[in-house]
Amino acid sequence: MPDTIFVLNGPNLNLLGLREPEIYGTDTLDDIAGMLEDRARELDLAIDMRQSNHEGHLVDWLHEAQARQAKAVLLNAGAYTHTSVALHDAIKSVVTPVIEVHLSNPHRRESFRHRSLVGQAARGTIAGFGALSYLLALEAAARL
Ligand code: CA2
């Protein structure tokens, strides 16, 4: 069985490719899942990609990643990145390495996006490369 990489996506990312393409690009979340699955196959990894608009689902899925002995989690927590102590604590509570992912570069945007509670707990961060951020994070996860 190949190792699994969980790819967890937070609020509003279900709208990806449908709104605000100037910020987030034209790829949908399904397009990104397809790209990740293609590359994962080459790396002998499996992808488990999920999206929720609910903070607690993301917390539950971080715990599940650990319970299932996932190799790593790629986490784009959306706006919860900047607000969620619960996600910060959940990342710290699991041994599974968590890589923070963002399509945009939050540091080039509004000041309320400059603080990341996810990034303060994550193994590392990849941001600013659109859909490519996810692929780069997968490359990093494969090498952990
Ligand atoms: O750049 C990223 O990946 C973000 O995590 C995206 C979040 C934002 O709150 C973070 O600061 C940075 C927003 C996700 C909303 O996604 C949308 C996609 C299409 C249309 C509208 C929202």
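Derivation of every value follows stated rules applied to the coordinates shown; laboratory data play no part. As the structure is a computational prediction, the values presented were derived from the model and not from experiment. Neighbour counts run over all protein chains shown; Cβ positions are idealised from the backbone, glycine included.
Mind listing the phi-derived Karplus ³J(HN,Hα) values for segment 8-19, rounded to whole Hz, using 6.51, -1.76 and 1.60 with θ = phi - 60°, and x for any glycine or proline?
10, 10, x, x, 6, 6, 5, 8, 4, x, 9, 9
Check which residues have an amide H placed less than 5 Å from Gly124's amide H, if you skip close sequence neighbours.
Amide H neighbours of Gly124: Glu100.
Once you put a point 7 Å from the Cα of Gln66 and another 7 Å from the Cα of Glu37, both along the Cβ direction, what distance in nm separates them?
2.9
Do any trypsin sites (Lys or Arg not before Pro) in segment 1-73 lie in a loop, going by DSSP, with at most 14 other beta-carbon atoms within 10 Å of their beta carbon, and if so which?
Numbers: sites: Arg19, Arg39, Arg41, Arg50, Arg68, Lys71; in loops: Arg19, Arg68, Lys71.
Counting only loop positions with at most 14 other Cβ atoms within 10 Å, the trypsin sites (Lys or Arg not before Pro) in segment 1-73 are Arg19, Arg68.
Distance from the Cα centre of segment 123-143 to that of segment 107-122, in angstrom?
16
Work out from phi, with θ = phi - 60° and the Karplus expression 6.51 cos²θ - 1.76 cosθ + 1.60, the ³J(HN,Hα) of each residue of segment 135-142, listed in order in whole Hz, and give x for Gly and Pro.
Those phi angles translate into 5, 5, 5, 5, 4, 5, 4, 5 Hz.
Under 5 Å between amide H atoms, partner at least 5 residues away or on a different chain: which partners does Thr4 have, H built in plane at 1.01 Å?
Sorted by chain and number, the residues that satisfy this are Ala46, Lys71.
How much mean residue ellipticity at 222 nm does the chain get from its helices, if each DSSP H run of length 4 or more adds -39500 (n - 2.57) and you divide by all residues, to the nearest 500 deg cm²/dmol? Intermediate values should be presented prior to the final figure.
Values: 5 runs with 52 residues, N = 144.
Taking each H run of at least 4 residues, the total per residue is -10500 deg cm²/dmol.
Between Lys92 and Phe112, what length in nm is gained on full extension when 0.36 nm per residue of separation is reduced by their alpha carbon distance?
Working: separation 20, 0.36 × 20 = 7.20 nm, distance 2.26 nm.
Value of the extension gain: 4.9 nm.
What list of ³J(HN,Hα) values in whole Hz, one per residue of segment 98-114 in order, does the Karplus curve 6.51 cos²θ - 1.76 cosθ + 1.60 (θ = phi - 60°) give from phi, with Gly and Pro shown as x?
The phi angles translate into 10, 10, 6, 10, 9, 5, 8, 9, x, 6, 8, 10, 4, 4, 5, 8, 7 Hz.
For a paramagnetic label modelled at 7 Å from the Cα of Ile23 toward its Cβ, which residues of segment 105-143 fall within the zone defined by backbone nitrogen distances under 20 Å?
Label zone hits: 105-119, 126-134.
Would you please report the Å³ per residue occupied by the convex hull of the alpha carbon atoms in segment 3-142?
Hull volume over Cα atoms, normalised by residue count, gives 87 Å³.
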